[in-house]
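The structure appears right after this line, and notes come after that.
The values are calculated or read from the model by the stated rules, or taken from the named source; none is laboratory data. The structure displayed is predicted, hence computed values, not measured ones. Virtual Cβ from ideal backbone geometry, glycine too; neighbours counted across all protein chains shown.
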Amino acid sequence: MELNRKNIGRLSAGRRSVVILIVLMALLYGCKVTYSFSGASISPLAKTFSIQYFQNRAPIVQPGLSQNLTDALIDKCKAQTSLKYTTSVGDMDFVGEIKDYNTKPLTVGADAQAATNRFTISVQVKFTNAIDPTLSFDQTFSRYEDYNSNLDLSAVEADLSSKIIDMIVEDIFNQAFVNW
């Protein structure tokens, strides 16, 4: 019996449901769509990622900054990709170090005193994509936050560091995985 609209209408309700189910399953299993809320575009051949501890080589070493940055990047990759984290070298490997951590006056007020200071963190990252080496990179990522010079850096440092780390991690992730 040839399956067409007229013949499907003659089938019993049970058989019609089976035919529709088979057609839907064929459509669903025959198509593969990869979608990611992060916009990440990762080869299906890639299975693992690794992130080596980011050493702090800045002139000013802030305790905990290296661990916070390393953990934030690991968390971002775990949350936004289907890759598995490994402590050995993965298909996607990040190696890096904190190169700069500083604050300096940005604007000067009428009394020749700094009105705004700029707090900056810079991170050098070497990303190796073992699946597609053309997507590998060695790049410095730098972000900053401005703050009122009437405030002592120690009063705002934790909050500013957290914001800057989030921005840098986002930049690193996008450079590695979002190929727009």
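Structural remarks
- Residue in the range 61-83 that is touching a Leu at 6+ places or on another chain (Cβ under 8 Å) and part of a loop (DSSP other than H, G, I, E, B) present: no
- Among residues that are in contact with a helix residue (DSSP H, G or I) (Cβ under 9 Å, 6 or more places away or on another chain), surrounded by 14 or more Cβ atoms within 10 Å (Cβ to Cβ) and not in a helix (DSSP H, G or I), Glu145 is included.
- Failed item, numbered, when Ala158 is tested on (1) out of contact with any Leu (no Cβ under 9 Å at 6 or more places or on another chain); (2) closer than 18 Å to Val178 by Cβ: (2)
- Any hit, the range 153-160, residues being in contact (Cβ under 8 Å) with a residue 24 or more places away in the chain, assigned to a strand (DSSP E or B) and over 30 Å from Ser43 (Cβ atoms): no
- Test result for Glu97, of a type in the set (Asp, Glu) and either touching a strand residue (DSSP E or B) at 6+ places or on another chain (Cβ under 7 Å) or not assigned by TED's automatic domain parsing to the domain that holds Asn68 (or both): yes
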